[in-house]
Amino acid sequence: MTKTTRPIILLATGFFCALTATSAAGANRTLVSALGNDTNPCTITEPCRTLQAAFNATPPGGEIEVLDPTGYGQLTITHAISIQGHGWASLNGSPGGNAITINAGPNDKIQLHGLVIEGFGTGQNGILFTTGKSLLVENTTIQNFVDNGIAFKPTALSALAVSKTTIA
């Protein structure tokens, strides 16, 4: 092996390792967009359309980023997640249904930031929390539900924190 070949191989190996590390780190974050498609891998270049599809593609403890304002459907959460709605991500409760249902594991922390959760006068609950370690709702608007904005009904010891949120 010549002296010039060795640095090129080392450089190529370093680049491949950096690319692999970046790809693995990026897998913890998925993205949704009004122009997305639920068959996409939920990346920046190919975002999903609904929060449920993005959640299903996000590993426990990961994060969902909302790229633009629109309605993103209903959502069932079954593991730790952070959702960054940026004040424009809208979720809607169907007639008699919940916009967000949380049935997570006993050590799972759920964080919801910057969401607009709308019941249109027919949705049952904005957020129904039954299991999980904790729920943080921040900078969110929850309105027009028949029963509750947040129905916090854990079956075990759980924590709820609500900050800078309007519930009407």
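Observations, loosely collected:
- Test: residue in the range 101-115 that is modelled with pLDDT of 95 or more, of a type in the set (D, E, K, R) and over 20 Å from Ala53 (Cβ atoms): yes
- Residues satisfying the stated conditions in the range 85-100, i.e. assigned to a strand (DSSP E or B) and of a type in the set (Ser, Thr, Tyr): Ser90
- Residue list for the range 103-126, filter: aliphatic (A, V, I, L, M) and farther than 13 Å from Thr166 by Cα: Ala104, Ile110, Leu112
- Gln52 vs. criteria closer than 27 Å to Thr122 by Cα, assigned to a strand (DSSP E or B) and open to solvent by 10 Å² or more (accessible area, probe 1.4 Å): no
- Checked against (1) part of a strand (DSSP E or B); (2) in contact with a Phe, Trp or Tyr (Cβ under 9 Å, 6 or more places away or on another chain), Gln111 meets all criteria but (2).
- Test result for Glu65, over 28 Å from Ala156 (Cβ atoms), at pLDDT 95 or above and in a strand (DSSP E or B): yes
- Check on Pro106, touching a Lys or Arg at 6+ places or on another chain (Cβ under 8 Å), of a type outside the set (S, T, N, Q) and outside any strand (DSSP E or B): yes
- Residues in the range 82-94 that are among the aliphatic types (A, V, I, L, M) and over 9 Å from Leu112 (Cβ atoms): Ala89, Leu91.
- From the options Ile150, Ile167, Ile100, residue that is crowded, with 18+ Cβ neighbours inside 10 Å, farther than 25 Å from Pro41 by Cβ and either touching a strand residue (DSSP E or B) at 6+ places or on another chain (Cβ under 7 Å) or of a type in the set (D, E, K, R) (or both): Ile150
- Residue that is modelled with the lowest pLDDT, among those in the range 75-91 that are out of contact with any helix residue (DSSP H, G or I) (no Cβ under 7 Å at 6 or more places or on another chain) and under 17 Å from Thr166 (Cβ atoms): Trp88
The values are calculated or read from the model by the stated rules, or taken from the named source; none is laboratory data. Note that the structure is predicted; figures quoted are calculated from it, not measured. Using ideal geometry, Cβ is built from the backbone for each residue, glycine included, and neighbour counts are taken over all protein chains shown. What goes into the accessible areas is simple: the full protein's heavy atoms, side chains included, and nothing from ligands, DNA or RNA. Shrake-Rupley method; radii C 1.70, N 1.55, O 1.52, S 1.80 Å.
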